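Note sheet for the following structure.
The values are calculated or read from the model by the stated rules, or taken from the named source; none is laboratory data. Keep in mind that what you see is a predicted model, and the values were worked out from it rather than measured. Cβ: placed from backbone, ideal geometry, glycine included. Neighbour counts: every protein chain shown. With ligands, DNA and RNA removed, areas are computed over all heavy atoms of the protein, side chains included. Shrake-Rupley method; radii C 1.70, N 1.55, O 1.52, S 1.80 Å.
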Amino acid sequence: MSGLHLAVAFVLLASVVAGFYRLLVGPVAGDRLVAAQLLGTTAVGVLLLLAEAFAAYSLRYVGLVFASLAAVTIVAYVRLGAGAEEFE
């Protein structure tokens, strides 16, 4: 079963490459925001898969921290960055 977890983690890491491309080239700030969310979500998924594959269950907690930080990052981006004029 560990091989299956590692294969899926590899596929998710391949999607990170596409996310980095959109993060760097994205024509609009919204595209970059969605790409950043993709990277955060994928990182959590990879950490959970690695936790199961290697029985390193502390990686679950690291994934939980990443998921919490991703939510805070989006709120900060909207409040301070792109959407600041909408709130004033």
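Just to be sure I understand, how many residues within segment 52-69 are touching a helix residue (DSSP H, G or I) at 6+ places or on another chain (Cβ under 8 Å) and of a type in the set (S, T, Y)?
Here the count works out to 2.
In segment 1-31, what residues are of a type outside the set (A, V, I, L, M, F, W, C) and open to solvent by 90 Å² or more (accessible area, probe 1.4 Å)?
Y21, R22, P27
Test R22 against the stated conditions and say whether it is more than 14 Å from the chain's Cα centre (by Cα) and among the basic types (K, R).
Numbers: more than 14 Å from the chain's Cα centre (by Cα): no; among the basic types (K, R): yes.
When the stated conditions are applied, R22 does not pass them.
One residue is enough: does segment 13-35 have a residue meeting the conditions β-branched (V, I, T), assigned to a helix (DSSP H, G or I) and in contact with a Leu (Cβ under 7 Å, 6 or more places away or on another chain)? Write out each step before concluding.
Taking segment 13-35 first, the residues β-branched (V, I, T) are 16-17, 25, 28, 34.
Still in the running and assigned to a helix (DSSP H, G or I): 16-17, 25, 34.
Subset that is in contact with a Leu (Cβ under 7 Å, 6 or more places away or on another chain): 16.
Yes, because at least one residue in segment 13-35 is β-branched (V, I, T), assigned to a helix (DSSP H, G or I) and in contact with a Leu (Cβ under 7 Å, 6 or more places away or on another chain).
Can you tell me which residue is nearest to G3 (Cα to Cα) among those in segment 54-72 that are in a helix (DSSP H, G or I) and aromatic (F, W, Y)?
The extreme case among them is F54.
In segment 32-80, which residues are more than 13 Å from the chain's Cα centre (by Cα) and open to solvent by 70 Å² or more (accessible area, probe 1.4 Å)?
Within segment 32-80, E52, F54, Y57, S58, R60, Y61, V75, Y77, R79, L80 meet the criteria.
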